[in-house]
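Notes to accompany the following structure.
The values are calculated or read from the model by the stated rules, or taken from the named source; none is laboratory data. This is a predicted model, so every value here is computed, not measured. Counting neighbours? That spans all protein chains shown, and the Cβs are built from the backbone with ideal geometry, glycine included.
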Amino acid sequence: MKKIVPFTKELVFKNGISEITSIALDNTLKLDKNLVTGEFIISGTYKMIGGDLEEEFKYNIPSFVTIDTKYDTTNCQVSIDDFSYEIINEEKLRVNISLMLDDLDIKEDEIEEIKVDNRVDKEYLMLDNNINDNIDVISSKNENDTNINNNININNTKEIEKELFTPDDTLEYSIYRVYTMKDDDTLEYIYEKYNVNKEILAMYNDLDNLKVGSKIIIPSVDE
């Protein structure tokens with residue numbers, strides 16, 4: 001995942017600016033866990049108003065960026081994505097810098113996992129995204145429920161529950177991840193990160209009504 005952080009700064013030239021003849025951007029930025037600190041260094045030459053001689057200039061602009069703790073910055077790369085400038089008036093030069101944070105990942109603890117009997121129909125796995133509470137378990141309708149007589153004696157309830165819910169080691173199971181959508185998340189990011197396509201996700205989710213906080217079921221094979 002990539003993030004672009006924009007910076008804008010107006011630099012003051014006391015002697016007046018007629019023309020910028022050269023300009024360069026360097027930096028001393030360093031990433032330490034979830035903090036990017038350092039300086040943008042802007043230097044070059046310019047012509048003063050009413051003169052033909054070139055003068056040198058250099059400005060050091062402090063930078064401090066905090067990255068949300070939901071991101072894993074282990075593989076993050078910090079670089080300059082874009083740089084531009086414009087002369088505002090005789091005394092001011094505006095510089096625009098785009099800082100790129102590349103290879104950011106959502107921390108894995110943002111993902112919930114559930115284990116579901118493969119006999120469960122997919123319709124029972126559809127999540128209600130109007131519910132704000134965290135989902136720990138997705139309940140399913142047991143296929144044997146329809147065979148239970150409605151007039152069962154209460155005393156036999158425990159025996160029936162034991163019969164219906166005793167684990168069967170011969171059953172096959174699938175693992176499903178439950179991912180919560182965050183700011184700036186896109187379906188393309190989900191497809192790439194979890195190696196799924198739109199058609200598979202659409203079998204379990206309403207992809208047309210996703211928003212921040214929506215929960216997405218992501219199927220995967222239980223190895």
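Contact annotation: residue pairs with Cβ atoms under 9 Å, 6 or more positions apart or on different chains, pairing a residue in the stretch 55-81 that is free of Cβ contacts under 8 Å to residues at least 24 places away in the same chain with a partner that is among the hydroxyl-bearing types (Ser, Thr, Tyr) and buried (at least 17 other Cβ atoms within 10 Å of the Cβ), are 56/46.
Scanning the stretch 203-216 for residues that are part of a helix (DSSP H, G or I) and surrounded by 12 or more Cβ atoms within 10 Å (Cβ to Cβ) gives a single hit, 207.
In the condition set (1) of a type outside the set (A, V, I, L, M); (2) closer than 13 Å to residue 99 by Cα; (3) free of Cβ contacts under 8 Å to residues at least 40 places away in the same chain, residue 32 is compliant with all but (2). Candidates 21, 8, 37, 69: the one that is over 35 Å from the mean Cα position of the chain (by Cα) and either of a type in the set (S, T, N, Q) or not in a strand (DSSP E or B) (or both) is 21.
Kindly indicate which of 15, 60, 96, 89 is more than 30 Å from residue 192 (Cα to Cα), out of contact with any Leu (no Cβ under 9 Å at 6 or more places or on another chain), modelled with pLDDT of 90 or more and not in a strand (DSSP E or B).
89
Here residue 57 does not qualify as of a type in the set (Phe, Trp, Tyr), surrounded by 11 or more Cβ atoms within 10 Å (Cβ to Cβ), within 14 Å of residue 6 (Cα to Cα) and more than 19 Å from the chain's Cα centre (by Cα).
Residues in the stretch 17-25: is at least one surrounded by 14 or more Cβ atoms within 10 Å (Cβ to Cβ) and among the acidic types (Asp, Glu)? Within the stretch 17-25, not a single residue is surrounded by 14 or more Cβ atoms within 10 Å (Cβ to Cβ) and among the acidic types (Asp, Glu).
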